[in-house]
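Please read the structure below before turning to the comments.
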Amino acid sequence: MSARRAPHKRAAFEPLAPAVTGAPDMHRPAATVAGAVLVFLRAAAGMLWALGVAFELPPWLQAVAAASGDASDGSSPLTLADFDTTPAVFLGVLGIVALVQVVFGSFVLAGGNVARVVVMVISTLSIIGSFIGWWEFGQDITVRTTLLTLSLDILVLLALSSRDAAAYARRPRRRRRARRRDGARTPSSRRAVGAPSDSAG
């Protein structure tokens, strides 16, 4: 009597997939576009929250600004008095942060791998910070506090960590000289290398 073979069990983990590199002429994937747009929205949400703190906005806009901010208590929105600074300094610092986000979003849209990695690291740190605030300090994650920014950070991380976005960012870049060499040469360039011109009889 032959011994029964134990059924094959599936491993509890999946092996890491090899890094995918796109072709030089790869079209920009939807994940890269979505990630860049989310970075732009993250910058806009931060500036809207800063304006809500610095100025008295209309009620409907104040509600949107409160949903974009990082207030620790949803019932009492933050004001400039909580930061002990002037509107110019406060808006200047937040404006620089938003500008940096826009620049990185532009690089992500252009397919920069370094910018993609930096944005993912920043989003990860922001998510960890929200978790620590909830776990250690009891800060609620609601619509009036960090829910909007936290949601944008998670969506950015999901979009830019996709295989399509990674392949597009890692694709080899063709140098300008190579593109010019592969393209059609002008009559002056042909004469420079000693090639006969088209008008030669």
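When the surface is traced with a 1.4 Å probe over the full set of protein chains, Ile127 keeps roughly 40 Å² accessible. Note on Glu56 and Val121: the extension gain reaches 20.0 nm, defined as 0.36 nm multiplied by sequence separation minus the Cα-Cα distance.
All other residues with a Cβ under 14 Å from the Cβ of Arg116 taken together, and with Lys, Arg as +1 and Asp, Glu as -1, what is their net charge? Within the 14 Å Cβ shell, the charges total +3. Ordering 39-46, 166-173 by mean Cβ neighbour count within 10 Å, with the highest value first, yields 39-46, 166-173.
Residue separation of Phe83 and Leu99 scaled by 0.36 nm, minus their Cα-Cα distance, works out to 3.7 nm of gained length. The label point for Asn113 and the one for Arg163, both projected 7 Å from the Cα toward the Cβ, are 1.8 nm apart.
The values are calculated or read from the model by the stated rules, or taken from the named source; none is laboratory data. Small disclaimer: the values here were computed from a predicted structure and weren't measured. Positions of Cβ are backbone-derived with ideal geometry, glycine not excepted, and every protein chain shown enters the neighbour counts. The accessibility values were calculated without ligands, DNA or RNA, using every heavy atom of the protein model including side chains. Shrake-Rupley method; radii C 1.70, N 1.55, O 1.52, S 1.80 Å.
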